Structures are given as structure tokens and as C-alpha cells.
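Please treat every number below as a calculation from the coordinates, not as lab data. Remember, it's a predicted structure, so these values are computed and weren't measured experimentally. As a convention, Cβ positions derive from the backbone with ideal geometry for all residues, glycine included, and neighbour counts pool all protein chains shown.
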Ligand SMILES: O=C(O)CCC(=O)C(=O)O
């Protein structure tokens, strides 16, 4: 489905039309329902691994991100376990695969929801739970809306993954901070080498955990919804929910697995944060 030589060389790949327009419309409707849940909460809320990140805007709550909606939204669960993902991932990380990220990002028109330049490797914690990160982990993002420079789409620095863990600033949050050129220059990279993703609804981007990327403000007149699923070779990771065993989907169990919410066992009950 992707050219493996390109993937290894560039650190990213794009699959056009991974889901059909009809499928994307149905996924988008479910994503809108999750958004409505977030608005109803009105502030950040957690229940186990399910987490709504809500900020305050002048006109009301701004839903920026929801983690692990698949626990209660079967249609979104079906997307992450779709056989097309199993087929796409097999040549990259094999047939036994767990999942760390199951996340929706919204960028409302005009809202400041920038993502500073970063490598996802900074979030793969605790580090000793991950082995061979550069070759065992694949992040994917499914465009639900037109995704490009106007709508605050992602920018990639091709081949930056070849440097491994770069000393990019990790003292500030990624979400809500702008892409600073001087920060790239400090680690020997240049924004001039970046490329801007241009995705139609249903297109899928995939990227390496060491690929430097970020995104800017949404200057379009529409929401920019993005459904992110991050997969890892099961034997190289001690965290995550199972996704595929021998290439076949594994349904979520009765108890959530440890992913990255460290207080899952002590404070898994619903609460505002
Ligand atoms: O949604 C975006 O624009 C950025 C996503 C991103 O940088 C990430 O998930 O690491």
C-alpha cells in the first residue's frame, strides 16, 4: 500500500483515499457526536483513558482533543481495527500490534490550536516501556476535512527522523504553542525544508515517531477534524491496548489497559480535571 523505500527514507507516507467519502461522512458524524459530548462537559474531563481536553474561548468551551473515544463509540473503534490498517501496518511492524494513540483533534476556524514543532518520541513514556521505537511505532492521521496550509494542516520535516531523538525544547506544551523557526535552527534543521500536507477527506498520513512535525492556525472557514491512531509492534511495547493479533482485530476488553495515564488504577473514575 505504501512504498517501503520512501517510508524509510522520508519518515512519512500518504495513502490517498484510505477510507471512502461515504465512510468518512459516517466517521465525521460520530466525531461530531464526541465533540457535542465535550461541549456538554464544558471543561476537561477524564474517565480512565478517555480524556476530553477542553479550553475556554470567548463564545464557550473549545474542544481541542479527545483521547480514546473508541471505548464508548463503536464506529470509531471499528475504524482503528479496520483490516485496511492491519494490511498497511504488517510490512512495517508486523501482525501483532498494540495501540497507544486513539485520538481526535479539532481545529476550529480562527482558534489558536497550533502544535509546536516536535517529535512524538517525547510522548512515548515511560521510555523503558518502549523498545526500538524508531522501527516499532507508526503514527497515522486520517483527514476528515480538507487538510492543508489554510486549515492548519500538518507540516513535516522529511528525513528528520534519521537524526533520532533531537534535543527539541520539551519544557513547554506542544498543543497551543506556535512552530518556532529558531527552535528548529537550534538543532540544525530548517523550516525551509518542511513540506505542508495537503489531504482530502479520507486520505491517511503516517509518520515515524522521530519525524519532526507541527501545525499552524486554522484560517479556513471550516473545522479541521483529524483522527489519529498510533500503533506499535506488540513485543516492543509494554503499554497499550491490543489492536491486531496475527493480523486479526482484537476487541477492547472489560478493563482498560495501561496506556499513558499513570493513575489509571488509582483514579480511573470519571472526574473533571
Ligand atoms: O493535529 C495536528 O495538527 C497535529 C498533530 C500532531 O502533531 C501530533 O499528533 O503529534
query: What residue among 165, 182, 77 has the largest mean-square fluctuation in a Gaussian network model of the chain, using Cα springs under 10 Å?
result: 182
Label-to-label distance, nm, for residues given as residue 185 and residue 238 (7 Å Cα→Cβ offset): 4.2 nm
- request: Rank 101, 27, 195 by mean-square fluctuation in a GNM of the chain with C-alpha springs under 10 angstrom and give only the top-ranked residue.
  value: 195
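For the chain, what is the calculated [θ] at 222 nm in deg cm²/dmol (nearest 500), taking -39500 (n - 2.57) for each run of four or more DSSP H residues and dividing by its residue count?
After summing the helix terms and dividing by residue count, I get -6000 deg cm²/dmol.
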field: Sequence-separation-based contact order of the chain, relative, with Cα cut under 8 Å and 6+ spacing, percent
entry: 32 percent
- line: Rounded to one decimal in nm, the spacing of the 7 Å Cα→Cβ label points at residue 25 and residue 43 is 4.0 nm
- request: Can you tell me the FRET efficiency between residue 263 and residue 165 if r is taken as the Cβ-Cβ distance and R0 is 30 Å, rounded to the nearest 0.05?
  value: 0.70
- line: With a ≥ b ≥ c from the Cα gyration tensor eigenvalues, square-rooted, and the rule rounded for a/c under 1.5, otherwise prolate when a/b > b/c and oblate otherwise, the chain is rounded
